[in-house]
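Input: a single structure, listed below in structure tokens.
Every number here is computed from the coordinates shown, using simple stated rules; none is lab data. Computed from a predicted structure; not experimentally measured. In this analysis, Cβ positions are derived from the backbone assuming ideal geometry, glycine residues included, and neighbour counts consider all displayed protein chains.
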Amino acid sequence: MRRHDLHTHTNFSDGRFSPEDLVQLAREKKLKILGICDHAFSKKLLDSYQITTRLEEYLRHLETIQKSLNGLMLRIGIEIDVSKNYGVDPALLPVDILNQFDFVLFEYVNTASEYWGKVGRRSHMEVISIRNQLEIPVGLAHNDIQQNYQGKEAEISKILAQNEIFIELQQSERGRNTRNGMDYYNHFSQRLIHSLVENGVRIVCGTDTHTGEFLGELDDVYQFISQNNLQYHELVM
């Protein structure tokens, strides 16, 4: 595994830094892989705070940066809201352009509510229904899998593995995407961990940073992954 933060945001959506400045910060933090995955297809955000209508512009801009880098690898991603109340029906996504990205993160899969309100549960099966059209790595962003799949740990682990869907373990910035003050991965039961390992579900790490303040601060997640014999995705190898 290379030291990485695969979930960050720039001022293409609602982040503080430009992609160029975030890349420079990643260098200062001694990251080897930086994943930028700005928001798209969400009614939670104004058009100016997401890339839904600027996918080509976003891609070309980051590709230019990507080609100029030495010593730091940039992965170009996109974070797509698939909640029923705020997001997009996966069946309506522009697959052709998505396949030009390095990876996609789907947020709010099988999630009923967040700390800020109800989002509307959309089943993972609706994401899987378009999975075979996507030629790029696909993952679940900051998903509270333990809560969302309580009692179905073995089943969801098998489904994720069969459909080559990785999960992001997140050490959250400013306590976002947590439950009872704990990052979601700290709620994982031994049953869930065993099922993820047994089925070979792949893992990446991210902070979902919007400010850059906690960029790459993932040592606790790295330790959790190592202690539990979880496997990293090739995106971060």
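Entry remark, segment 39-66: residues being in contact with a helix residue (DSSP H, G or I) (Cβ under 8 Å, 6 or more places away or on another chain) and in contact (Cβ under 8 Å) with a residue 12 or more places away in the chain number 9 in total. Within segment 26-38, the set of residues being in contact (Cβ under 8 Å) with a residue 60 or more places away in the chain and more than 16 Å from GLU173 (Cα to Cα) comprises LYS30, LEU31, ILE33. Quick one: in segment 204-219, of everything that is crowded, with 22+ Cβ neighbours inside 10 Å and among the β-branched types (Val, Ile, Thr), which residue is farthest from ASN11 (Cα to Cα)? Per the criteria, the residue is VAL204.
Restricting attention to segment 180-190, and to residues there that are of a type outside the set (A, V, I, L, M, F, W, C) and surrounded by 14 or more Cβ atoms within 10 Å (Cβ to Cβ), which single residue is farthest from ASP5 (Cα to Cα)? If we take residues in segment 180-190 being of a type outside the set (A, V, I, L, M, F, W, C) and surrounded by 14 or more Cβ atoms within 10 Å (Cβ to Cβ), then HIS187 is farthest from ASP5 (Cα to Cα).
Count of segment 160-176 residues, restricted to those that are over 10 Å from VAL201 (Cα atoms) and surrounded by 23 or more Cβ atoms within 10 Å (Cβ to Cβ), is 4. If only residues of segment 135-147 that are within 16 Å of the chain's Cα centre (by Cα) and without any contact (Cβ under 8 Å) to a residue 40 or more places away in the chain are counted, the one that is surrounded by the most Cβ atoms within 10 Å (Cβ to Cβ) is LEU140. Please verify whether segment 148-155 includes one or more residues that are closer than 19 Å to ARG179 by Cβ, of a type in the set (A, V, I, L, M) and either free of Cβ contacts under 8 Å to residues at least 60 places away in the same chain or in contact with a Cys (Cβ under 8 Å, 6 or more places away or on another chain) (or both). Checked against the condition, which is being closer than 19 Å to ARG179 by Cβ, of a type in the set (A, V, I, L, M) and either free of Cβ contacts under 8 Å to residues at least 60 places away in the same chain or in contact with a Cys (Cβ under 8 Å, 6 or more places away or on another chain) (or both), segment 148-155 yields no hits at all. Restricting attention to segment 191-219, the residues being within 16 Å of LEU6 (Cβ to Cβ) and acidic (Asp, Glu) number 3.
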